[in-house]
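Worksheet: the structure to be examined is printed underneath.
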Amino acid sequence: MTTMKKNMFPPGLVNNLQDVLSKKGANKNEQKQQKDDDSTETSTSSSSTAGNENDSSKPVVLVTNGEGVDSLGLVYLVQALVGLGLYNVNVCAPHSDKSASGHSLTVRETITVTQAEIEGATAYEVTGTTVDCVSLALSGALFSWTKPLLVISGINRGSSCGHHMFHSGVIAGAREALISGVPSLSISLNWKREESQESDFKDAVAVSLPLINAALRDIEKGVFPKSCFLSIEIPTSPKANKGFKLTKQSMWRSTPCWQAVPANRNPSAPHFMGNQQSLGLQLAQLGRDASAAGAARRGTTPRKNEEVESVGAAKSDNKAKKYFRLEFLDKEREATDDELDFKALGNGFIAVTPVSVSLQLESDIQTAASSWISGVLSGGAEE
């Protein structure tokens with residue numbers, strides 16, 4: 001039983017206190033409501049800013065590459081483009097090195113997209129190939145814009161001349177953009193392990209910017225060549241380049257050399273790979289990553305009859321495994337046409353090669369691309 005004590009305050013004072021307390025409570029509620037409204041407004045404003053961080057007055061440039069979102073070639077290129085203040089720079093690049101993945105897409109698997117931190121740019125890293133990145137970015141499912149003005153794939157560590165174009169992830173990124181109807185450039189630095197250094201990427205960006213700016217300017221004017229993209233090959237010493245040179249794709253390729261590896265040597269050990277991971281191991285890792293990711297999502301082990309590795313394969317543990325690794329060996333390059341990509345690159349020029357999606361570059365495409373490049377190199381490119 002509850003006992004109520006008699007109120008000892010005068011009725012008038014009680015009424016006054018009740019009025020004050022009720023008003024105070026109302027004020028607190030109003031303040032809380034205002035705070036909640038302000039918080040909601042701030043949150044909405046932040047969301048709106050995040051979703052509309054691009055300046056609609058600036059053209060959109062999409063950057064990708066084959067070596068991963070953290071590679072120096074991409075990072076320095078993005079920093080330079082952001083620093084110009086002329087473009088909305090967006091990045092969609094692989095999470096890890098996919099430089100030898102060619103024009104491959106990820107099918108029957110789910111890829112993961114994570115926001116990446118690159119100052120001044122809207123950036124995402126993708127657990128897929130370079131072509132996955134470009135295809136996803138241009139699909140409208142990831143970015144708010146419908147189509148960028150230009151796609152730049154690079155800057156790659158290593159040349160993509162000749163038949164290497166068919167292996168190259170950086171070339172495939174530009175090709176996928178062209179297939180999707182977006183003008184594109186691929187950029188590669190002729191990196192040599194014994195000569196090159198990290199600062200060469202900054203120099204490669206510096207010598208590329210005039211051509212990039214000229215391309216963006218003429219795309220807006222509608223005079224940039226259509227039906228092809230431009231492959232830009234930068235010599236080993238970018239600062240010492242002899243200028244731009246219009247070139248043709250060569251038939252040159254380095255010689256593939258498969259080497260058997262003793263079974264007692266673990267192909268994944270650091271001492272085996274040395275300072276530079278061979279192309280064979282890169283390709284093998286792609287297969288293992290895809291198999292492991294699929295198995296994790298299915299909750300099972302990889303099906304043995306679907307697993308293929310370029311450094312050895314075995315359907316059961318009781319069978320002997322054989323290990324191989326692939327290396328490319330430079331072969332003698334014949335002194336031939338100076339207009340071929342590898343020849344111009346070796347002579348110290350920045351080789352600019354029009355590349356079509358067809359197997360043979362049509363004469364009208366070659367003529368249009370040649371006219372544009374000649375115009376730019378004769379003084380049309382703006383510093």
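Can you compute the modelled spin-label distance between residue 147 and residue 336, with each label point 7 Å from Cα toward Cβ, in nm?
With each label point 7 Å from Cα toward Cβ, the separation is 3.7 nm.
Residues with beta-carbon under 11 Å from that of residue 353, excluding residue 353: net charge, scoring Lys, Arg +1 and Asp, Glu -1?
Here the count lands on -1.
So, counting K/R as plus one and D/E as minus one, what does the shell of residues with Cβ under 11 Å around residue 154 add up to?
-1
Describe numerically, in nm with one decimal, the distance between label points set 7 Å from Cα along Cα→Cβ at residue 240 and at residue 180.
That separation, rounded to one decimal, is 3.9 nm.
How much length is gained if the chain between residue 364 and residue 221 is pulled fully straight, taking 0.36 nm per residue apart and subtracting their Cα-Cα distance, in nm to one decimal?
On the way: separation 143, 0.36 × 143 = 51.48 nm, distance 2.00 nm.
Once the chain is fully extended between residue 364 and residue 221, it gains 49.5 nm.
Quick one: how many Å² of residue 322 are accessible to a 1.4 Å probe, rounded to 10?
So the heavy atoms of residue 322 present about 140 Å² to solvent.
Listed highest first by mean packing, meaning other Cβ atoms within 10 Å per residue, what order do 74-87, 211-224, 108-121 come in?
Ranking, from highest mean packing down: 74-87, 211-224, 108-121.
Summing Lys, Arg as +1 and Asp, Glu as -1, what charge do residues with Cβ under 13 Å from the Cβ of residue 234 carry, residue 234 excluded?
Local charge sum for residue 234: +2.
Which parts of the range 195-234 would a label at residue 374 reach, counting a residue when its backbone N lies under 14 Å from a point 7 Å out along Cα-to-Cβ?
none
With the crude spin-label approximation of a point 7 Å out along Cα→Cβ, what separation in nm comes out for residue 192 versus residue 206?
Using points 7 Å along Cα→Cβ, the separation is 2.1 nm.
Ordering 341, 364 by how much accessible area each has at a 1.4 Å probe, largest first, what is the list?
Sorted descending by solvent-accessible area, the residues read 364, 341.
Given a Förster radius of 22 Å and the C-beta distance between residue 259 and residue 163 as r, what FRET efficiency does 1/(1 + (r/R0)^6) yield to the nearest 0.05?
About 0.60, to the nearest 0.05.
Alpha carbons only, please: Rg and Dmax for the range 92-248, in angstrom.
15.6, 47
The values are calculated or read from the model by the stated rules, or taken from the named source; none is laboratory data. The shown structure was predicted, so the numbers you read here are calculated from the model rather than taken from an experiment. A quick note on method: Cβ atoms are made from the backbone with ideal geometry, for glycine too, and the neighbour counts reach across all protein chains shown. Protein only, heavy atoms only, side chains kept; ligands, DNA and RNA dropped before computing areas. Shrake-Rupley method; radii C 1.70, N 1.55, O 1.52, S 1.80 Å.
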